[in-house]
């Protein structure tokens, strides 16, 4: 599997990955004993990245340049064979589809480094990289045709799945005979390839660095603190140069009873210190929230089974943290007995729309009863649910929205509209089945005489119908502007309808 | 007006107020130049309290003892006349109705120091102490017959009210000719009396220390930082010995553009350092939340116009801060044109019930159009709304609930029940008008064969009807226990109904 790295004298695209390979000592324990890093310089800037040992006496240093032109590097090591190596990297403009890493923009939203908005439409498949090669290929194929631009996935395997994976992150013997001082490069080379394949598909890999589903079976959920820290630095050294990587400290961190809040703070700090690119950092909870106000958290990654059923719920956390809010887990589409896996496709899609008009983002997954015990949520494979097609439609609507992001309009009024005041309005009626919507917009940004066009969006049947004519507004009362002729918009009396109202120049 | 202080050799009740009066210098500027404090000792304990200058060469030191028996004191001052004074205070058990100061209990709830639960039913009258003597007396009379056990009130006058008060916190000339180095003791003696009167009524005084409604008219909203700090220490020295005082750093702090977040952090720290009793500390916002995770915040004091319309909204902030949540401002009962003052009595009461079953607390106020421009919210006087009577009923129901507080049960399921699993359930149907409720409780704490009695509560008409017979439960599915004979409870098809279900021994 190709790790997606450029090396030697091959020019590297901006936000692509350069890899320097060095021959070094293979005696002793290189994972513990060899320090290796490099400084990449361009003009007055220096970017320092950590290297890592890949086995067989081979050492790698990976680098993601964020500007075109010539960069030089110098290595630093406590081993002469690896120290003081210098060279040059030529960086060329990014190829089409490469917009750089995703970061936070406009407080509550995301954008790629080149300014392109990133409209997060996420999914989760925890252990897809730990399945059979055939199943992993199928997962990639599914993703290629699916609407998702972010995938939550765990580095460590998942004991809840039963079945033993063929590769493990440490050398030794499953289930508990690990040498925690020696990573298994084969495991990570495999993961390199998967992350590179997601990158090629335009999918962000939200790498879950710890999770509680080991339950002591392999013990990756209860390693000593120094092993945790070494693991985190190794992961950052290997994956930091992939522009599509996000760091999720944990899934359901609060279910990992062996770790304290201080452990999580430290994990964030280790990752933050090791990562020169500032990839997005979050931590996902079950019941107890992490304090997302802490400075190393870039966005909230939440679990909540009901917040995105209602826009006035979903909006609340934004004000607490003043950071993007991603409801990564909102229950799943499926048909299992557990009530977290029983959403209809309609309800799954509704949550994305509610999230959007609340100025937040949502995550999908699905879990259907399967004779082979394969679910998208746990292992990947194919998607059986009815939501992905509607989420593709949803993502297209999002992508046509203002690049600043959808901001809730007129909060506290049970007014299901978001957009950009005076310019763009997206309203969503959810489960309600109105036959009529009296044209009325909240006053911020509006003035008498402004004109608008209106489209009726059926979010379930995936249609957009533009209304003939335009609407001109006049003020009504303290808070609203209405159509000057008091016109209403006829609606079909079905659920899941939305309106898009755009101001005419 | 009596300041409610015991002095000399009069025994002081536990959590009562002792005041030591000393004669000292009246030359120069005693507010600035004289340091005064005292250490009160009992056994191995020392409580250090600040003193304050009350004008005319008189200095006071106030102390709220928290245990009975004999205490001794020694004063400390940079003036010989005030330094090294010693004496003794005899503390006797509290009189009936004195339960001590209110603190946080069971993470999300409140209790008095003697362990009695404090079920917060708050109201707000910002500037009642700045009105005519007749109006203030009327306000106190109203409060004596009202259900409220907490009153939010501002120390500084409110320019939005128009009308100039007769007393100001600083010496000098209104509106802007203040000597910010000299407090006016007459202003504070007046406030002493009001706080003491509230204490006698069993009402907590949530003292709002800053607010934005001055708008530069008197400039109390934009004093220099050292004046703010001196003011805060003076207030803590005067009022800390009243057990019914809470510190609210500000109302709508984020509307005070002259102050930064760092200013608020410092204000909290000044108050915390000066107050040896640890009175409750919060800060109330308009749109931008303060980070209530900060250690000096004891509870969240929120404004939100819609969160307590729905239990799944109201519950969300609890998990963020793991502190009590008080929705102090949820829009008001009234009939004014502004939509924040248009709640029907039914809607005002609904918010208290939703708050309660979400494990949070709510605040009331009202604003009706009035030819004299008097509203309860702004100035006090009488209450005209329909909610207070229902809130008295509500408070009685609360007071009969488990002393640990009402905890939401089975969150994320749109399941409007709170209580104590396995023992006590309070359910509220809000605006819904069910005719029937199939007996079903969420499984935590339950086992087959448990028996319950049921009461139907009409929260609006203020009736409690106990059903004949009992309900015995059996398990149904993964999550519920139901009546073993699958019985339902008939309901009247009206809104605002509640059920109370209590387990039989």
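The values are calculated or read from the model by the stated rules, or taken from the named source; none is laboratory data. Please read all numbers here as calculations on a predicted model, not as lab measurements. Here the Cβ is made from the backbone with ideal geometry for all residues, glycine too, and neighbour counts use every protein chain on show.
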Does residue A:247 satisfy the criteria of being in contact with a strand residue (DSSP E or B) (Cβ under 6 Å, 6 or more places away or on another chain) and under 28 Å from residue A:159 (Cβ atoms)?
yes
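Yes/no per residue for (1) surrounded by fewer than 19 Cβ atoms within 10 Å (Cβ to Cβ); (2) touching a residue at least 40 places away in the same chain (Cβ under 8 Å); (3) in the same structural domain as residue B:241 (by TED's automatic domain parsing):
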position: B:86; (1), (2), (3): yes, no, no
position: B:108; (1), (2), (3): no, yes, yes
position: B:120; (1), (2), (3): no, yes, yes
position: B:129; (1), (2), (3): no, yes, yes
position: B:135; (1), (2), (3): yes, yes, yes
position: B:142; (1), (2), (3): no, yes, yes
Looking for something buried (at least 19 other Cβ atoms within 10 Å of the Cβ) and more than 28 Å from residue A:140 (Cα to Cα) - is there at least one such residue anywhere in the range A:55-70?
yes
Count, please, the residues in the range B:448-460 that happen to be surrounded by 15 or more Cβ atoms within 10 Å (Cβ to Cβ) and assigned to a loop (DSSP other than H, G, I, E, B).
3
Is the range B:473-480 home to any residue that is buried (at least 17 other Cβ atoms within 10 Å of the Cβ), within 14 Å of another protein chain (Cβ to nearest Cβ) and out of contact with any helix residue (DSSP H, G or I) (no Cβ under 9 Å at 6 or more places or on another chain)?
yes
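Okay, residues lined up against (1) more than 24 Å from residue A:149 (Cβ to Cβ); (2) buried (at least 23 other Cβ atoms within 10 Å of the Cβ); (3) not assigned by TED's automatic domain parsing to the domain that holds residue A:50:
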| site | (1), (2), (3) |
| --- | --- |
| A:196 | no, no, yes |
| A:203 | no, no, yes |
| A:208 | no, yes, yes |
| A:212 | yes, no, yes |
| A:222 | yes, no, yes |
| A:230 | yes, no, yes |
| A:234 | yes, no, yes |
| A:243 | no, yes, yes |
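So that you can scan it fast, the table gives a plain yes or no per residue for (1) in contact with a helix residue (DSSP H, G or I) (Cβ under 6 Å, 6 or more places away or on another chain); (2) assigned to a loop (DSSP other than H, G, I, E, B):
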position: A:259; (1), (2): no, yes
position: A:263; (1), (2): no, no
position: A:266; (1), (2): no, no
position: A:270; (1), (2): yes, no
position: A:273; (1), (2): no, no
position: A:277; (1), (2): no, yes
position: A:288; (1), (2): yes, yes
position: A:291; (1), (2): no, yes
position: A:295; (1), (2): no, yes
Can you tell me which residue within the range B:238-254, out of those that are more than 19 Å from residue B:329 (Cβ to Cβ) and either within 14 Å of chain A (Cβ to nearest Cβ) or part of a loop (DSSP other than H, G, I, E, B) (or both), is farthest from the chain's Cα centre (by Cα)?
B:241
Being crowded, with 16+ Cβ neighbours inside 10 Å and assigned to a loop (DSSP other than H, G, I, E, B) is the filter; apply it to the range B:481-495 and report the residue that is farthest from the chain's Cα centre (by Cα).
B:484
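The rows are residues; the columns are (1) over 17 Å from residue B:243 (Cβ atoms); (2) modelled with pLDDT of 95 or more.
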{"site": "B:66", "(1), (2)": "no, yes"}
{"site": "B:95", "(1), (2)": "no, yes"}
{"site": "B:104", "(1), (2)": "no, yes"}
{"site": "B:121", "(1), (2)": "yes, yes"}
{"site": "B:159", "(1), (2)": "yes, no"}
With respect to residue B:52, determine if the residue is under 29 Å from the mean Cα position of the chain (by Cα) and not in a loop (DSSP other than H, G, I, E, B).
yes
Which one of A:180, A:148, A:187 is assigned by TED's automatic domain parsing to the domain that holds residue A:383, assigned to a loop (DSSP other than H, G, I, E, B) and in contact with a strand residue (DSSP E or B) (Cβ under 9 Å, 6 or more places away or on another chain)?
A:148
The listed residue being closer than 22 Å to residue B:472 by Cα and without any contact (Cβ under 8 Å) to a residue 40 or more places away in the chain, out of B:438, B:444, B:416, B:371:
B:444
Only one of (1) within 12 Å of chain A (Cβ to nearest Cβ); (2) more than 28 Å from residue B:215 (Cβ to Cβ); (3) in contact with a strand residue (DSSP E or B) (Cβ under 8 Å, 6 or more places away or on another chain) fails for residue B:320. Which number is that?
(3)
Mind listing whichever residues of the range B:410-430 are buried (at least 18 other Cβ atoms within 10 Å of the Cβ), within 22 Å of residue B:349 (Cα to Cα) and at pLDDT below 95?
B:415, B:416
Could you list, in sequence order, all residues of the range B:190-215 that are in a helix (DSSP H, G or I) and either within 20 Å of residue B:301 (Cβ to Cβ) or in contact with a strand residue (DSSP E or B) (Cβ under 7 Å, 6 or more places away or on another chain) (or both)?
B:195, B:198
Counting only residues that are under 20 Å from the mean Cα position of the chain (by Cα) and either outside the structural domain of residue B:176 (by TED's automatic domain parsing) or more than 30 Å from residue B:21 (Cβ to Cβ) (or both), the range B:255-268 contains a total of 2
Among A:463, A:433, the single one that is surrounded by fewer than 20 Cβ atoms within 10 Å (Cβ to Cβ), within 34 Å of the chain's Cα centre (by Cα) and without any contact (Cβ under 8 Å) to a residue 24 or more places away in the chain is A:463
Check on residue A:271, within 14 Å of chain B (Cβ to nearest Cβ) and touching a strand residue (DSSP E or B) at 6+ places or on another chain (Cβ under 6 Å):
no
Extreme residue, farthest from residue A:414 (Cα to Cα), among residues of the range A:325-362 that are within 12 Å of chain B (Cβ to nearest Cβ), in contact (Cβ under 8 Å) with a residue 40 or more places away in the chain and within 17 Å of the chain's Cα centre (by Cα):
A:329
Are any residues in the range A:284-296 surrounded by fewer than 21 Cβ atoms within 10 Å (Cβ to Cβ) and more than 10 Å from chain B (Cβ to nearest Cβ), and if so, which ones?
A:286, A:295, A:296
Can you tell me how many residues in the range B:297-309 are out of contact with any helix residue (DSSP H, G or I) (no Cβ under 6 Å at 6 or more places or on another chain), within 7 Å of chain A (Cβ to nearest Cβ) and surrounded by 22 or more Cβ atoms within 10 Å (Cβ to Cβ)?
1
Looking only at the range B:147-157, decide whether some residue is under 19 Å from residue B:191 (Cβ atoms), surrounded by 18 or more Cβ atoms within 10 Å (Cβ to Cβ), at pLDDT 95 or above and over 17 Å from the mean Cα position of the chain (by Cα).
yes
